[in-house]
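I have placed the structure first, in the form of C-alpha coordinates, so that the comments after it can refer back to it.
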Amino acid sequence: MNPVAAFFFGLPGLVQGLLKGLAVILVIFPMASLCTLAERKVSAWMQGRPGPNRTIIPWAAYIPVFGRLFQRLGLFQLAADGLKFLFKEDITPDTVNKPYFIAAPIVAMIPALTTVTVVPFGAYLSHGRVVPLVLANVDVGLLAVFAVASLGVYSLILAGWASNSKYPFLGSVRASAQLISYELSLTLAVLPVFLWINAPGSDGSMSLARVVEFQSQGGFWGGAWFLFTLPVSAFIFIVALFAETNRQPFDMPESEADLVGGFHTEYGAFKWALFFVAEYANMIIGSAVFALLFLGGWNPLPWVPLATFAHWVGLAGHPFWLGLVSIALFVGKVAFLIFFFMWVRWTVPRFRYDQVMKIGWNKLLPLAIANLIACALGIALLQR
Amino acid sequence: MAIVPIERKPLSLAERSYLPQLAAGLKITLKHLFQPAVTLEYPEQRPSIPPGYRGAPTLVKDPHGRTKCVSCQLCEFVCPPKAIRITPGELPEGAPVPQVEKGPQAFDIDMLRCIYCGLCEEVCPEEAIFLQNQYSLSGYSRGEMVNHIDQLLEMGGTLPDAHFKWDKKRQAEEAAAEGGGHH
(Lines give C-alpha, C1' and ligand atoms only; values in the text may rest on other atoms or scores of the structure.)
Protein backbone atom coordinates (compact mmCIF):
# COMPACT_ATOMS: atom_id res chain seq x y z
CA MET A 1 0.00 0.00 0.00
CA ASN A 2 1.50 3.34 -0.93
CA PRO A 3 1.84 6.17 1.63
CA VAL A 4 -1.07 8.22 0.23
CA ALA A 5 -3.44 5.28 0.53
CA ALA A 6 -2.05 4.51 4.00
CA PHE A 7 -2.67 8.11 5.09
CA PHE A 8 -6.18 8.04 3.64
CA PHE A 9 -7.18 4.82 5.38
CA GLY A 10 -5.65 6.13 8.61
CA LEU A 11 -8.11 9.06 8.69
CA PRO A 12 -11.28 8.88 10.80
CA GLY A 13 -14.26 7.39 8.99
CA LEU A 14 -16.17 10.66 8.91
CA VAL A 15 -13.31 12.54 7.25
CA GLN A 16 -12.87 9.68 4.76
CA GLY A 17 -16.55 9.87 3.91
CA LEU A 18 -16.40 13.66 3.54
CA LEU A 19 -13.39 13.44 1.24
CA LYS A 20 -15.05 10.79 -0.88
CA GLY A 21 -18.24 12.83 -1.08
CA LEU A 22 -16.26 15.92 -2.03
CA ALA A 23 -14.43 13.95 -4.71
CA VAL A 24 -17.69 12.79 -6.26
CA ILE A 25 -19.17 16.29 -6.15
CA LEU A 26 -16.00 17.62 -7.74
CA VAL A 27 -16.53 15.10 -10.51
CA ILE A 28 -20.27 15.54 -10.98
CA PHE A 29 -20.18 19.34 -11.10
CA PRO A 30 -17.66 19.62 -13.97
CA MET A 31 -19.35 16.71 -15.71
CA ALA A 32 -22.64 18.59 -15.62
CA SER A 33 -21.01 21.69 -17.02
CA LEU A 34 -19.25 19.56 -19.61
CA CYS A 35 -22.70 18.31 -20.58
CA THR A 36 -23.83 21.88 -21.27
CA LEU A 37 -20.90 22.25 -23.63
CA ALA A 38 -21.61 18.85 -25.20
CA GLU A 39 -25.19 19.93 -25.68
CA ARG A 40 -24.10 23.02 -27.57
CA LYS A 41 -21.60 21.12 -29.66
CA VAL A 42 -23.89 18.20 -30.48
CA SER A 43 -26.75 20.48 -31.42
CA ALA A 44 -24.40 22.53 -33.57
CA TRP A 45 -23.07 19.50 -35.39
CA MET A 46 -26.54 18.15 -35.98
CA GLN A 47 -27.57 21.49 -37.45
CA GLY A 48 -24.50 21.73 -39.68
CA ARG A 49 -22.78 24.41 -37.58
CA PRO A 50 -19.36 24.30 -35.93
CA GLY A 51 -20.63 25.38 -32.50
CA PRO A 52 -18.59 27.35 -29.94
CA ASN A 53 -15.03 27.38 -31.28
CA ARG A 54 -13.53 30.79 -30.61
CA THR A 55 -12.90 31.11 -26.89
CA ILE A 56 -9.27 30.72 -25.91
CA ILE A 57 -7.11 31.68 -22.97
CA PRO A 58 -4.34 33.87 -24.44
CA TRP A 59 -1.35 31.71 -23.48
CA ALA A 60 -3.17 28.51 -24.46
CA ALA A 61 -2.72 29.47 -28.10
CA TYR A 62 0.99 28.63 -27.73
CA ILE A 63 0.37 24.98 -26.86
CA PRO A 64 1.31 23.29 -30.15
CA VAL A 65 -1.56 21.11 -31.35
CA PHE A 66 -3.81 20.87 -28.34
CA GLY A 67 -4.35 24.59 -27.79
CA ARG A 68 -5.90 24.90 -31.21
CA LEU A 69 -7.78 21.60 -30.87
CA PHE A 70 -9.28 22.56 -27.51
CA GLN A 71 -10.26 25.92 -28.95
CA ARG A 72 -12.06 24.28 -31.85
CA LEU A 73 -13.77 21.87 -29.44
CA GLY A 74 -14.85 24.85 -27.34
CA LEU A 75 -13.31 23.53 -24.11
CA PHE A 76 -12.32 27.02 -22.98
CA GLN A 77 -15.93 28.05 -23.44
CA LEU A 78 -16.64 25.99 -20.33
CA ALA A 79 -14.48 28.19 -18.13
CA ALA A 80 -15.78 31.32 -19.84
CA ASP A 81 -19.40 30.33 -19.21
CA GLY A 82 -18.72 29.39 -15.61
CA LEU A 83 -16.92 32.64 -14.90
CA LYS A 84 -19.61 34.62 -16.63
CA PHE A 85 -22.32 33.10 -14.48
CA LEU A 86 -20.22 33.66 -11.38
CA PHE A 87 -19.53 37.34 -11.98
CA LYS A 88 -22.77 38.38 -13.63
CA GLU A 89 -25.04 40.67 -11.68
CA ASP A 90 -27.40 38.38 -9.81
CA ILE A 91 -30.74 40.09 -10.16
CA THR A 92 -33.54 39.19 -7.79
CA PRO A 93 -36.77 40.74 -9.02
CA ASP A 94 -38.64 42.93 -6.55
CA THR A 95 -41.92 41.06 -6.66
CA VAL A 96 -40.58 37.62 -5.78
CA ASN A 97 -40.82 35.87 -2.46
CA LYS A 98 -37.13 36.16 -1.66
CA PRO A 99 -36.42 33.29 0.78
CA TYR A 100 -38.17 30.73 -1.40
CA PHE A 101 -36.80 32.28 -4.57
CA ILE A 102 -33.27 31.82 -3.30
CA ALA A 103 -34.01 28.41 -1.79
CA ALA A 104 -35.32 26.91 -5.04
CA PRO A 105 -32.00 26.49 -6.90
CA ILE A 106 -30.39 25.12 -3.75
CA VAL A 107 -33.21 22.64 -3.34
CA ALA A 108 -32.66 21.68 -6.97
CA MET A 109 -29.00 20.88 -6.31
CA ILE A 110 -29.55 18.76 -3.19
CA PRO A 111 -31.27 15.72 -4.75
CA ALA A 112 -29.07 15.99 -7.80
CA LEU A 113 -25.93 15.59 -5.71
CA THR A 114 -27.35 13.34 -2.98
CA THR A 115 -28.40 10.53 -5.31
CA VAL A 116 -24.78 10.10 -6.37
CA THR A 117 -23.95 8.48 -3.06
CA VAL A 118 -25.74 5.21 -3.82
CA VAL A 119 -24.79 4.98 -7.49
CA PRO A 120 -21.81 2.67 -8.02
CA PHE A 121 -19.50 3.81 -10.79
CA GLY A 122 -16.90 1.12 -11.13
CA ALA A 123 -15.43 -2.02 -9.62
CA TYR A 124 -12.15 -3.77 -8.99
CA LEU A 125 -11.12 -7.34 -8.24
CA SER A 126 -10.02 -8.17 -4.72
CA HIS A 127 -9.10 -11.80 -4.03
CA GLY A 128 -11.20 -12.91 -6.99
CA ARG A 129 -14.26 -11.01 -5.79
CA VAL A 130 -15.66 -8.01 -7.66
CA VAL A 131 -15.87 -5.05 -5.27
CA PRO A 132 -18.01 -2.14 -6.47
CA LEU A 133 -16.74 1.43 -6.18
CA VAL A 134 -19.54 3.34 -4.51
CA LEU A 135 -19.87 5.89 -1.75
CA ALA A 136 -22.55 3.97 0.11
CA ASN A 137 -23.38 0.45 -1.03
CA VAL A 138 -26.64 0.36 0.88
CA ASP A 139 -29.40 -2.17 0.41
CA VAL A 140 -32.04 0.48 -0.28
CA GLY A 141 -30.02 1.52 -3.35
CA LEU A 142 -32.43 2.37 -6.09
CA LEU A 143 -35.21 3.13 -3.61
CA ALA A 144 -32.99 5.87 -2.18
CA VAL A 145 -32.40 7.26 -5.69
CA PHE A 146 -36.11 7.39 -6.40
CA ALA A 147 -36.99 8.79 -2.99
CA VAL A 148 -34.43 11.59 -3.13
CA ALA A 149 -34.79 12.31 -6.84
CA SER A 150 -38.53 12.83 -6.47
CA LEU A 151 -37.73 15.69 -4.08
CA GLY A 152 -36.44 17.53 -7.12
CA VAL A 153 -39.99 18.47 -8.02
CA TYR A 154 -40.13 20.72 -4.96
CA SER A 155 -37.48 22.98 -6.40
CA LEU A 156 -39.60 23.45 -9.54
CA ILE A 157 -42.71 24.18 -7.49
CA LEU A 158 -40.80 26.55 -5.23
CA ALA A 159 -39.23 28.35 -8.16
CA GLY A 160 -42.53 28.73 -9.98
CA TRP A 161 -44.44 29.82 -6.91
CA ALA A 162 -41.84 32.16 -5.49
CA SER A 163 -41.29 33.89 -8.84
CA ASN A 164 -44.77 35.41 -8.51
CA SER A 165 -45.15 35.54 -12.26
CA LYS A 166 -47.49 33.69 -14.58
CA TYR A 167 -45.11 31.87 -16.90
CA PRO A 168 -42.93 30.36 -14.19
CA PHE A 169 -46.10 29.41 -12.37
CA LEU A 170 -47.56 27.62 -15.38
CA GLY A 171 -44.22 25.96 -15.96
CA SER A 172 -44.00 24.66 -12.44
CA VAL A 173 -47.58 23.41 -12.49
CA ARG A 174 -46.86 21.49 -15.65
CA ALA A 175 -43.60 20.21 -14.24
CA SER A 176 -45.11 18.90 -11.04
CA ALA A 177 -47.98 17.19 -12.86
CA GLN A 178 -45.59 15.65 -15.34
CA LEU A 179 -43.02 14.45 -12.83
CA ILE A 180 -45.67 12.83 -10.64
CA SER A 181 -47.32 11.12 -13.63
CA TYR A 182 -44.16 9.62 -15.00
CA GLU A 183 -42.69 8.57 -11.67
CA LEU A 184 -45.28 5.78 -11.53
CA SER A 185 -44.19 4.26 -14.82
CA LEU A 186 -40.54 4.75 -13.91
CA THR A 187 -40.92 2.81 -10.69
CA LEU A 188 -43.09 0.09 -12.20
CA ALA A 189 -40.58 -0.38 -15.03
CA VAL A 190 -37.74 -1.33 -12.69
CA LEU A 191 -39.78 -3.71 -10.52
CA PRO A 192 -39.25 -6.71 -12.86
CA VAL A 193 -35.49 -6.26 -12.55
CA PHE A 194 -35.66 -6.53 -8.79
CA LEU A 195 -38.19 -9.35 -8.94
CA TRP A 196 -35.66 -11.23 -10.98
CA ILE A 197 -32.55 -10.61 -8.91
CA ASN A 198 -34.28 -11.18 -5.59
CA ALA A 199 -35.06 -14.84 -6.19
CA PRO A 200 -36.98 -16.61 -3.44
CA GLY A 201 -34.63 -17.65 -0.69
CA SER A 202 -31.91 -15.09 -1.45
CA ASP A 203 -31.18 -11.97 0.60
CA GLY A 204 -33.49 -9.19 -0.56
CA SER A 205 -31.69 -6.12 -1.88
CA MET A 206 -32.44 -3.02 -3.92
CA SER A 207 -28.75 -2.26 -4.27
CA LEU A 208 -27.64 -1.13 -7.71
CA ALA A 209 -24.31 -2.91 -7.33
CA ARG A 210 -26.27 -6.10 -6.79
CA VAL A 211 -28.06 -5.60 -10.13
CA VAL A 212 -24.74 -5.34 -11.92
CA GLU A 213 -23.45 -8.35 -10.01
CA PHE A 214 -26.47 -10.29 -11.27
CA GLN A 215 -25.73 -9.25 -14.86
CA SER A 216 -22.13 -10.44 -14.45
CA GLN A 217 -22.95 -14.09 -13.84
CA GLY A 218 -22.05 -16.87 -16.22
CA GLY A 219 -24.46 -18.64 -18.51
CA PHE A 220 -27.01 -17.29 -20.95
CA TRP A 221 -29.56 -15.87 -18.48
CA GLY A 222 -26.94 -14.75 -16.02
CA GLY A 223 -24.67 -12.84 -18.35
CA ALA A 224 -27.38 -11.18 -20.40
CA TRP A 225 -27.93 -7.51 -19.78
CA PHE A 226 -31.45 -6.66 -18.71
CA LEU A 227 -31.79 -4.57 -21.85
CA PHE A 228 -32.02 -7.85 -23.79
CA THR A 229 -34.02 -9.86 -21.28
CA LEU A 230 -36.42 -7.07 -20.26
CA PRO A 231 -36.59 -4.78 -23.30
CA VAL A 232 -40.05 -3.41 -22.51
CA SER A 233 -38.95 -2.41 -19.03
CA ALA A 234 -35.91 -0.69 -20.48
CA PHE A 235 -38.07 1.15 -22.99
CA ILE A 236 -40.57 2.36 -20.39
CA PHE A 237 -37.73 3.36 -18.10
CA ILE A 238 -35.95 5.44 -20.72
CA VAL A 239 -39.17 7.16 -21.84
CA ALA A 240 -40.10 7.96 -18.24
CA LEU A 241 -36.52 9.13 -17.67
CA PHE A 242 -36.87 11.63 -20.50
CA ALA A 243 -40.01 12.92 -18.83
CA GLU A 244 -38.47 12.96 -15.35
CA THR A 245 -35.43 14.91 -16.47
CA ASN A 246 -37.61 17.34 -18.45
CA ARG A 247 -35.86 16.59 -21.68
CA GLN A 248 -37.31 16.87 -25.15
CA PRO A 249 -39.83 15.72 -26.21
CA PHE A 250 -41.16 16.13 -22.66
CA ASP A 251 -39.69 19.49 -21.70
CA MET A 252 -43.01 20.95 -20.65
CA PRO A 253 -41.63 22.87 -17.65
CA GLU A 254 -39.60 25.18 -19.84
CA SER A 255 -41.22 24.96 -23.24
CA GLU A 256 -39.65 28.21 -24.32
CA ALA A 257 -42.04 28.62 -27.23
CA ASP A 258 -45.10 29.08 -25.03
CA LEU A 259 -43.71 29.78 -21.54
CA VAL A 260 -40.71 32.06 -22.21
CA GLY A 261 -38.39 29.97 -20.02
CA GLY A 262 -40.79 28.03 -17.85
CA PHE A 263 -40.10 27.79 -14.16
CA HIS A 264 -36.75 29.59 -14.34
CA THR A 265 -37.95 32.60 -16.35
CA GLU A 266 -37.25 35.01 -13.49
CA TYR A 267 -33.84 33.57 -12.68
CA GLY A 268 -30.52 34.78 -13.93
CA ALA A 269 -26.79 34.49 -13.39
CA PHE A 270 -25.62 31.90 -10.89
CA LYS A 271 -29.02 30.89 -9.61
CA TRP A 272 -30.05 30.01 -13.13
CA ALA A 273 -26.78 28.17 -13.64
CA LEU A 274 -27.54 26.07 -10.55
CA PHE A 275 -30.85 24.98 -12.10
CA PHE A 276 -29.00 24.16 -15.27
CA VAL A 277 -26.33 22.12 -13.52
CA ALA A 278 -28.96 20.34 -11.43
CA GLU A 279 -30.82 19.39 -14.59
CA TYR A 280 -27.71 17.92 -16.12
CA ALA A 281 -26.71 16.23 -12.87
CA ASN A 282 -30.15 14.60 -12.87
CA MET A 283 -29.55 13.48 -16.43
CA ILE A 284 -26.20 12.00 -15.47
CA ILE A 285 -27.67 10.15 -12.50
CA GLY A 286 -30.61 8.95 -14.59
CA SER A 287 -28.28 7.71 -17.32
CA ALA A 288 -26.06 6.07 -14.71
CA VAL A 289 -29.04 4.25 -13.20
CA PHE A 290 -30.14 3.12 -16.66
CA ALA A 291 -26.63 1.89 -17.45
CA LEU A 292 -26.49 -0.02 -14.17
CA LEU A 293 -29.94 -1.55 -14.47
CA PHE A 294 -30.13 -2.37 -18.15
CA LEU A 295 -26.68 -2.01 -19.70
CA GLY A 296 -24.66 -4.16 -17.31
CA GLY A 297 -22.95 -1.32 -15.46
CA TRP A 298 -19.18 -1.67 -15.79
CA ASN A 299 -19.22 -4.94 -17.71
CA PRO A 300 -17.55 -4.37 -21.05
CA LEU A 301 -19.83 -6.51 -23.24
CA PRO A 302 -22.96 -8.56 -22.77
CA TRP A 303 -22.03 -12.07 -21.57
CA VAL A 304 -18.51 -10.80 -20.85
CA PRO A 305 -18.30 -9.79 -17.16
CA LEU A 306 -15.55 -7.55 -15.83
CA ALA A 307 -13.76 -10.44 -14.08
CA THR A 308 -13.41 -12.41 -17.32
CA PHE A 309 -12.34 -9.27 -19.13
CA ALA A 310 -9.69 -8.61 -16.47
CA HIS A 311 -8.20 -12.06 -17.05
CA TRP A 312 -8.18 -11.49 -20.81
CA VAL A 313 -6.24 -8.26 -20.64
CA GLY A 314 -4.15 -9.31 -17.64
CA LEU A 315 -5.41 -6.70 -15.19
CA ALA A 316 -6.69 -9.19 -12.61
CA GLY A 317 -3.80 -8.50 -10.25
CA HIS A 318 -3.96 -4.70 -10.59
CA PRO A 319 -7.00 -3.46 -8.66
CA PHE A 320 -6.12 0.19 -9.29
CA TRP A 321 -5.87 -0.08 -13.08
CA LEU A 322 -8.85 -2.40 -13.31
CA GLY A 323 -10.81 0.13 -11.25
CA LEU A 324 -9.89 2.87 -13.73
CA VAL A 325 -10.84 0.68 -16.69
CA SER A 326 -14.18 -0.18 -15.12
CA ILE A 327 -14.88 3.49 -14.40
CA ALA A 328 -13.98 4.33 -18.00
CA LEU A 329 -16.35 1.64 -19.30
CA PHE A 330 -19.15 2.86 -17.08
CA VAL A 331 -18.59 6.53 -17.88
CA GLY A 332 -18.52 5.62 -21.55
CA LYS A 333 -21.96 4.08 -21.30
CA VAL A 334 -23.29 7.07 -19.37
CA ALA A 335 -21.75 9.43 -21.94
CA PHE A 336 -23.44 7.53 -24.74
CA LEU A 337 -26.79 7.77 -22.96
CA ILE A 338 -26.34 11.50 -22.46
CA PHE A 339 -25.51 11.80 -26.13
CA PHE A 340 -28.69 9.85 -26.79
CA PHE A 341 -30.64 12.43 -24.77
CA MET A 342 -29.22 15.19 -26.96
CA TRP A 343 -29.69 13.15 -30.11
CA VAL A 344 -33.40 12.70 -29.36
CA ARG A 345 -33.70 16.37 -28.46
CA TRP A 346 -32.78 17.42 -31.98
CA THR A 347 -34.88 14.72 -33.59
CA VAL A 348 -38.40 14.94 -32.21
CA PRO A 349 -40.63 17.93 -31.63
CA ARG A 350 -42.04 18.72 -28.22
CA PHE A 351 -45.32 17.02 -27.26
CA ARG A 352 -48.33 19.11 -26.47
CA TYR A 353 -49.18 19.18 -22.78
CA ASP A 354 -52.34 17.08 -23.12
CA GLN A 355 -50.37 14.58 -25.21
CA VAL A 356 -47.80 14.30 -22.45
CA MET A 357 -50.52 13.53 -19.93
CA LYS A 358 -52.23 11.10 -22.29
CA ILE A 359 -49.02 9.23 -23.00
CA GLY A 360 -48.17 9.09 -19.33
CA TRP A 361 -51.49 7.88 -17.97
CA ASN A 362 -53.20 6.15 -20.93
CA LYS A 363 -50.26 4.51 -22.66
CA LEU A 364 -47.17 4.20 -20.53
CA LEU A 365 -48.78 3.31 -17.20
CA PRO A 366 -50.97 0.46 -18.56
CA LEU A 367 -47.98 -0.77 -20.53
CA ALA A 368 -45.85 -0.72 -17.39
CA ILE A 369 -48.49 -2.61 -15.39
CA ALA A 370 -48.94 -5.20 -18.16
CA ASN A 371 -45.18 -5.54 -18.42
CA LEU A 372 -44.88 -6.04 -14.67
CA ILE A 373 -47.51 -8.79 -14.65
CA ALA A 374 -46.03 -10.53 -17.71
CA CYS A 375 -42.51 -10.32 -16.31
CA ALA A 376 -43.62 -11.53 -12.89
CA LEU A 377 -45.21 -14.60 -14.48
CA GLY A 378 -42.20 -15.19 -16.70
CA ILE A 379 -39.73 -14.86 -13.85
CA ALA A 380 -41.84 -17.14 -11.66
CA LEU A 381 -41.76 -19.79 -14.39
CA LEU A 382 -38.02 -19.34 -14.92
CA GLN A 383 -37.11 -19.57 -11.24
CA ARG A 384 -39.44 -22.47 -10.40
CA MET B 1 -66.39 22.73 -57.27
CA ALA B 2 -67.06 19.20 -56.34
CA ILE B 3 -65.90 18.02 -52.96
CA VAL B 4 -63.39 15.22 -53.27
CA PRO B 5 -63.48 13.05 -50.18
CA ILE B 6 -60.00 11.87 -49.29
CA GLU B 7 -59.79 8.53 -47.65
CA ARG B 8 -57.54 8.67 -44.62
CA LYS B 9 -56.15 5.33 -43.72
CA PRO B 10 -56.23 4.57 -40.03
CA LEU B 11 -52.74 4.53 -38.56
CA SER B 12 -51.24 1.14 -37.96
CA LEU B 13 -50.11 0.11 -34.51
CA ALA B 14 -46.48 0.71 -35.42
CA GLU B 15 -47.34 4.20 -36.62
CA ARG B 16 -49.33 4.99 -33.52
CA SER B 17 -46.52 3.80 -31.27
CA TYR B 18 -44.40 6.62 -32.74
CA LEU B 19 -41.31 4.40 -32.65
CA PRO B 20 -40.53 3.65 -36.32
CA GLN B 21 -40.80 7.37 -37.05
CA LEU B 22 -38.56 8.12 -34.12
CA ALA B 23 -35.98 5.62 -35.40
CA ALA B 24 -36.15 7.15 -38.88
CA GLY B 25 -35.70 10.61 -37.40
CA LEU B 26 -32.75 9.48 -35.31
CA LYS B 27 -31.15 8.07 -38.43
CA ILE B 28 -31.50 11.40 -40.21
CA THR B 29 -30.08 13.44 -37.34
CA LEU B 30 -27.19 11.00 -36.96
CA LYS B 31 -26.43 11.45 -40.64
CA HIS B 32 -26.34 15.19 -40.13
CA LEU B 33 -24.06 14.80 -37.13
CA PHE B 34 -21.30 13.48 -39.38
CA GLN B 35 -21.85 15.87 -42.25
CA PRO B 36 -19.42 18.79 -42.44
CA ALA B 37 -20.65 22.12 -41.15
CA VAL B 38 -22.07 24.45 -43.77
CA THR B 39 -21.19 27.54 -41.77
CA LEU B 40 -18.91 30.17 -43.29
CA GLU B 41 -16.57 31.24 -40.48
CA TYR B 42 -16.93 34.86 -41.26
CA PRO B 43 -13.95 37.06 -40.52
CA GLU B 44 -11.50 34.43 -41.76
CA GLN B 45 -13.65 33.12 -44.58
CA ARG B 46 -15.45 35.61 -46.78
CA PRO B 47 -18.27 34.88 -49.15
CA SER B 48 -17.44 35.16 -52.84
CA ILE B 49 -18.99 38.33 -54.19
CA PRO B 50 -21.12 37.81 -57.31
CA PRO B 51 -20.61 40.17 -60.27
CA GLY B 52 -22.92 43.17 -60.16
CA TYR B 53 -22.85 43.27 -56.35
CA ARG B 54 -23.66 46.66 -54.91
CA GLY B 55 -21.22 47.32 -52.09
CA ALA B 56 -19.90 50.67 -50.96
CA PRO B 57 -19.69 53.32 -53.72
CA THR B 58 -16.14 54.16 -54.70
CA LEU B 59 -14.33 56.49 -57.10
CA VAL B 60 -12.16 54.85 -59.71
CA LYS B 61 -9.17 55.86 -61.81
CA ASP B 62 -8.69 55.01 -65.43
CA PRO B 63 -5.79 52.76 -66.51
CA HIS B 64 -3.57 55.84 -66.98
CA GLY B 65 -4.04 56.70 -63.30
CA ARG B 66 -6.27 59.71 -63.90
CA THR B 67 -9.19 60.34 -61.56
CA LYS B 68 -12.17 59.92 -63.83
CA CYS B 69 -14.63 62.08 -61.92
CA VAL B 70 -15.20 65.43 -63.57
CA SER B 71 -17.38 66.67 -60.68
CA CYS B 72 -20.46 67.14 -62.80
CA GLN B 73 -22.46 66.49 -59.63
CA LEU B 74 -25.06 64.33 -61.35
CA CYS B 75 -24.59 61.66 -58.69
CA GLU B 76 -25.04 64.24 -55.98
CA PHE B 77 -28.33 65.30 -57.54
CA VAL B 78 -29.62 61.81 -58.19
CA CYS B 79 -28.68 60.37 -54.82
CA PRO B 80 -32.02 59.61 -53.10
CA PRO B 81 -30.82 59.86 -49.49
CA LYS B 82 -28.48 62.76 -50.32
CA ALA B 83 -25.44 60.89 -49.14
CA ILE B 84 -23.05 62.44 -51.66
CA ARG B 85 -21.57 65.88 -51.32
CA ILE B 86 -19.17 67.19 -53.97
CA THR B 87 -17.16 70.38 -53.92
CA PRO B 88 -16.12 70.93 -57.53
CA GLY B 89 -12.79 72.45 -58.28
CA GLU B 90 -10.92 73.62 -61.31
CA LEU B 91 -8.10 71.45 -62.58
CA PRO B 92 -4.73 73.18 -63.01
CA GLU B 93 -3.37 74.01 -66.43
CA GLY B 94 -1.65 71.08 -68.14
CA ALA B 95 -3.95 68.37 -66.82
CA PRO B 96 -3.65 65.05 -68.67
CA VAL B 97 -6.87 65.54 -70.58
CA PRO B 98 -7.20 69.11 -71.85
CA GLN B 99 -10.96 68.85 -72.38
CA VAL B 100 -11.56 68.07 -68.72
CA GLU B 101 -11.44 71.32 -66.78
CA LYS B 102 -13.08 70.27 -63.55
CA GLY B 103 -12.31 67.70 -60.91
CA PRO B 104 -13.61 67.11 -57.43
CA GLN B 105 -11.93 69.17 -54.77
CA ALA B 106 -13.82 67.28 -52.10
CA PHE B 107 -16.03 64.25 -52.55
CA ASP B 108 -17.76 62.92 -49.46
CA ILE B 109 -20.09 59.96 -49.28
CA ASP B 110 -21.86 59.59 -45.95
CA MET B 111 -22.12 55.83 -45.53
CA LEU B 112 -24.66 56.26 -42.75
CA ARG B 113 -27.02 57.71 -45.36
CA CYS B 114 -26.09 55.63 -48.41
CA ILE B 115 -28.73 53.07 -49.30
CA TYR B 116 -26.57 51.20 -51.84
CA CYS B 117 -29.13 51.82 -54.59
CA GLY B 118 -26.52 52.25 -57.29
CA LEU B 119 -28.16 55.26 -58.95
CA CYS B 120 -24.89 57.20 -58.73
CA GLU B 121 -23.13 54.48 -60.69
CA GLU B 122 -25.94 54.39 -63.22
CA VAL B 123 -26.09 58.14 -63.74
CA CYS B 124 -22.34 58.82 -64.02
CA PRO B 125 -21.46 59.89 -67.59
CA GLU B 126 -17.76 59.31 -66.95
CA GLU B 127 -18.11 55.83 -65.36
CA ALA B 128 -16.19 57.23 -62.45
CA ILE B 129 -18.22 55.94 -59.54
CA PHE B 130 -18.78 52.24 -58.94
CA LEU B 131 -20.44 50.26 -56.21
CA GLN B 132 -17.80 47.64 -55.55
CA ASN B 133 -17.29 44.64 -53.29
CA GLN B 134 -16.87 46.17 -49.87
CA TYR B 135 -19.87 45.28 -47.70
CA SER B 136 -18.50 45.56 -44.19
CA LEU B 137 -18.08 49.12 -42.96
CA SER B 138 -17.71 50.21 -39.40
CA GLY B 139 -16.48 53.18 -37.42
CA TYR B 140 -16.47 54.65 -33.96
CA SER B 141 -18.16 57.94 -34.83
CA ARG B 142 -20.45 59.46 -37.41
CA GLY B 143 -17.47 61.36 -38.80
CA GLU B 144 -15.59 58.16 -39.40
CA MET B 145 -18.46 56.83 -41.46
CA VAL B 146 -18.06 59.58 -44.05
CA ASN B 147 -15.75 58.46 -46.84
CA HIS B 148 -13.63 61.32 -48.16
CA ILE B 149 -12.11 61.50 -51.60
CA ASP B 150 -8.80 59.84 -50.66
CA GLN B 151 -10.57 56.87 -49.14
CA LEU B 152 -12.98 56.67 -52.05
CA LEU B 153 -10.14 56.62 -54.56
CA GLU B 154 -8.21 54.09 -52.52
CA MET B 155 -11.24 51.81 -52.22
CA GLY B 156 -12.01 52.24 -55.91
CA GLY B 157 -8.58 51.57 -57.35
CA THR B 158 -8.19 51.32 -61.08
CA LEU B 159 -10.78 49.63 -63.20
CA PRO B 160 -10.25 48.52 -66.81
CA ASP B 161 -11.80 50.96 -69.20
CA ALA B 162 -14.02 49.82 -72.07
CA HIS B 163 -14.13 53.12 -73.95
CA PHE B 164 -11.14 55.42 -73.35
CA LYS B 165 -13.54 58.19 -74.20
CA TRP B 166 -11.04 61.05 -73.89
CA ASP B 167 -8.22 59.19 -75.66
CA LYS B 168 -10.48 58.61 -78.64
CA LYS B 169 -11.52 62.22 -78.61
CA ARG B 170 -7.92 63.38 -78.54
CA GLN B 171 -6.93 60.98 -81.34
CA ALA B 172 -9.83 62.23 -83.45
CA GLU B 173 -8.78 65.83 -82.85
CA GLU B 174 -5.16 65.09 -83.67
CA ALA B 175 -6.19 63.27 -86.85
CA ALA B 176 -8.36 66.22 -87.77
CA ALA B 177 -5.49 68.62 -87.16
CA GLU B 178 -3.13 66.52 -89.32
CA GLY B 179 -5.66 66.18 -92.13
CA GLY B 180 -5.96 69.94 -92.07
CA GLY B 181 -9.44 71.25 -92.67
CA HIS B 182 -11.03 67.89 -93.02
CA HIS B 183 -14.05 67.79 -95.37
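The values are calculated or read from the model by the stated rules, or taken from the named source; none is laboratory data. Just so you know, these numbers come straight off a predicted model, no measurement behind them. Cβ sites come from the backbone with ideal geometry, for glycine too, and all protein chains shown count toward neighbours.
Observations
- Residue count for segment A:287-318 under the criterion of being under 16 Å from residue A:223 (Cβ atoms), in a loop (DSSP other than H, G, I, E, B) and aliphatic (A, V, I, L, M): the result is 1.
- Residue list for segment A:298-315, filter: among the small types (Gly, Ala, Ser) and closer than 20 Å to residue A:121 by Cβ: A:307, A:310
- Taking first residues from segment A:206-219 that are free of Cβ contacts under 8 Å to residues at least 40 places away in the same chain and partners that are of a type outside the set (D, E, K, R), the Cβ contacts under 6 Å between residues at least 6 apart in sequence or on separate chains come to A:214/A:197.
- Within segment B:36-95, the set of residues being out of contact with any helix residue (DSSP H, G or I) (no Cβ under 7 Å at 6 or more places or on another chain) and polar (S, T, N, Q) comprises B:39, B:45, B:48, B:71, B:73, B:87.
- Checking residue B:109 against (1) in a strand (DSSP E or B); (2) surrounded by fewer than 16 Cβ atoms within 10 Å (Cβ to Cβ); (3) hydrophobic (A, V, I, L, M, F, W, C), the condition it does not meet: (2)
- Answer from A:73, A:26, A:34 - the residue that is out of contact with any Phe, Trp or Tyr (no Cβ under 7 Å at 6 or more places or on another chain) and free of Cβ contacts under 8 Å to residues at least 12 places away in the same chain: A:26
- Candidates A:344, A:331, filtered to the one that is within 14 Å of chain B (Cβ to nearest Cβ) and surrounded by 14 or more Cβ atoms within 10 Å (Cβ to Cβ): A:344
- Number of residues in segment B:1-57 that are away from every other protein chain (no Cβ under 14 Å), surrounded by fewer than 13 Cβ atoms within 10 Å (Cβ to Cβ) and of a type in the set (Lys, Arg): the value is 3.
- If you go through segment A:193-208 and keep only what is assigned to a helix (DSSP H, G or I) and surrounded by fewer than 23 Cβ atoms within 10 Å (Cβ to Cβ), you end up with A:194, A:195, A:196, A:197.
- Members of segment A:15-58 that are part of a helix (DSSP H, G or I), within 12 Å of another protein chain (Cβ to nearest Cβ) and more than 20 Å from the chain's Cα centre (by Cα): A:44, A:45, A:46
- Of the helices (runs of 4 or more DSSP H) that lie entirely inside segment B:1-106, those containing 2 or more residues that are at pLDDT 85 or above and within 30 Å of residue B:131 (Cβ to Cβ) span B:74-78.
- Scan of segment A:76-96 for residues that are closer than 21 Å to residue B:37 by Cα and in contact with a Phe, Trp or Tyr (Cβ under 7 Å, 6 or more places away or on another chain), ordered by number: A:76
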